[in-house]
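A.B. asks: Sending over a structure as structure tokens; questions will come in a sec.
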Amino acid sequence: MGVGAGAAALSGLMALLVVGTFVAASSLGGGMGGGRPTGLAEGTVPAAYQDLVRKWGQLCPEISPALLAAQLYQESGWRPDAQSAAEAQGIAQFIPGTWATHGIDGDRDGDRDVWDPKDAIPSAASYDCELADYVGDVPGDPTENMLAAYNAGAYRVIQYQGVPPYQETQNYVQVITKLEKSFAANKGRVDPSRQAAGAINYAQQKLGTPYLWGGDGTPEDGGRFDCSGLSKAAYKSVGIELPRLASAQWNTGPHPKRDELLPGDLVFFANDLDDPVSIHHVGIYVGDGQMIDAPYTGAEIRFDPIDSPDYFGATRPTA
């Protein structure tokens, strides 16, 4: 549906839906409630690794499938061939010396291969639990201390009696504990974002703007956007920073089901419905089965239906 009489009518409907979002959000706090999430939400982990993450994410009390998924995502983005400048290797980013000591034969095929997720994912969980044991007497949150030890070493966590005062380590712990919630199966209601209505309002102001691949809406881009540039800018306008890529925006909050969608949720579309890495498009849900999105080169920002064969799922962004 292009911008015009149809869009104007939809805008009136969406204004009412946005008001409803404000009312719902005003009576609720953000987030998913207290306690550490445990189960793994469907569709958050590539199908090839789901069973491994579910199994090994229960190895000790300090980890969970959702936490292990968040850690692997942060380390490599699910890339089994990832290699860093510091020679960290594989999906779990082990450096050679650490792998030599702590890598295990997870699939029991007679070798320990850092490039094989069937070895590397079990090894990451095993190493996490070893570290949790090493720092078990340190005050504070056991999982946060474990993550800090993974990043900075157990000695530093013991030395500082908690997460060390290193910005890199503190960011690592903060990012993974937040990401954990985006991989976790929801327990009960997923609270609406307080910023959702403002993000929709921002996107509505851009209706009719031509699409630009890689566009962020800057003066250099002529105020034009691509799909993830629009969603990023809309949520930035209300104080929520999202990653640039659509596939990364998938992991910025919990995942409501199709019948739980509220205006402001990000809705995603993928080439492979079993693999979040294949996400290729994102829009901002506005209600009544519609989204605002920047669809493709030659089109304009517009309202589009969300129900299509490549619909992957939704995320409710959190600050």
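The values are calculated or read from the model by the stated rules, or taken from the named source; none is laboratory data. Since the model is a prediction, treat every value here as computed from it, not as a measurement. Ideal geometry is used to build each Cβ from the backbone, glycine not excepted, and the neighbour counts take in all protein chains shown. Only protein heavy atoms, including side chains, enter the accessible area calculation; ligands, DNA and RNA are left aside. Shrake-Rupley method; radii C 1.70, N 1.55, O 1.52, S 1.80 Å.
A.B. asks: Among residues belonging to segment 147-178 that are within 21 Å of the chain's Cα centre (by Cα) and of a type in the set (A, V, I, L, M, F, W, C), point out the one that is nearest to Y127 (Cα to Cα).
C.D. replies: Among them, the one singled out is L147.
A.B. asks: If the requirement is being over 25 Å from the mean Cα position of the chain (by Cα) and acidic (D, E), which of these qualifies: D191, D216, D221?
C.D. replies: Of D191, D216, D221, the one residue that is over 25 Å from the mean Cα position of the chain (by Cα) and acidic (D, E) is D221.
A.B. asks: On the given criteria, is R156 part of a helix (DSSP H, G or I) and either at pLDDT 95 or above or closer than 30 Å to S278 by Cα (or both)?
C.D. replies: In short, yes.
A.B. asks: Being of a type in the set (A, V, I, L, M), closer than 21 Å to Q205 by Cβ and open to solvent by 20 Å² or more (accessible area, probe 1.4 Å) narrows it down to one of L262, L242, so name that one.
C.D. replies: Within the list L262, L242, the selection yields L262.
A.B. asks: Are any residues in segment 277-298 touching a strand residue (DSSP E or B) at 6+ places or on another chain (Cβ under 9 Å), more than 21 Å from E42 (Cα to Cα) and either open to solvent by 20 Å² or more (accessible area, probe 1.4 Å) or modelled with pLDDT under 95 (or both), and if so, which ones?
C.D. replies: V286, G289, Q290, P295, Y296, T297, G298
A.B. asks: Looking only at residues in segment 173-202 that are at pLDDT 90 or above and among the β-branched types (V, I, T), which one is surrounded by the most Cβ atoms within 10 Å (Cβ to Cβ)?
C.D. replies: I200
A.B. asks: Do we find that Y211 is of a type in the set (S, T, Y), open to solvent by 10 Å² or more (accessible area, probe 1.4 Å) and under 25 Å from D191 (Cα atoms) in this structure? Before you say what the answer is, go through the steps one by one.
C.D. replies: Details: of a type in the set (S, T, Y): yes; open to solvent by 10 Å² or more (accessible area, probe 1.4 Å): yes; under 25 Å from D191 (Cα atoms): no.
Answer is no for this residue.
A.B. asks: In addition: Report yes if G110 is under 19 Å from the mean Cα position of the chain (by Cα) and either in contact (Cβ under 8 Å) with a residue 60 or more places away in the chain or over 28 Å from W250 (Cα atoms) (or both), otherwise no.
C.D. replies: No; evaluated as a whole, the condition is false for this residue.
A.B. asks: Taking the stated definitions as given, is T44 modelled with pLDDT under 80 and either closer than 26 Å to L261 by Cβ or not small (G, A, S) (or both)?
C.D. replies: no
A.B. asks: Let me ask something else about it. What is the residue count in segment 34-62 for residues that are open to solvent by 10 Å² or more (accessible area, probe 1.4 Å) and farther than 16 Å from V277 by Cα?
C.D. replies: Residues that pass the stated criteria total 17.
A.B. asks: Follow-up. Does segment 215-225 contain at least one residue that is open to solvent by less than 10 Å² (accessible area, probe 1.4 Å) and either in contact with a strand residue (DSSP E or B) (Cβ under 8 Å, 6 or more places away or on another chain) or part of a helix (DSSP H, G or I) (or both)?
C.D. replies: Scanning segment 215-225, I find at least one residue that is open to solvent by less than 10 Å² (accessible area, probe 1.4 Å) and either in contact with a strand residue (DSSP E or B) (Cβ under 8 Å, 6 or more places away or on another chain) or part of a helix (DSSP H, G or I) (or both), so the answer is yes.
A.B. asks: Does I91 fit the bill of being part of a loop (DSSP other than H, G, I, E, B), under 28 Å from S247 (Cα atoms) and at pLDDT 95 or above?
C.D. replies: yes
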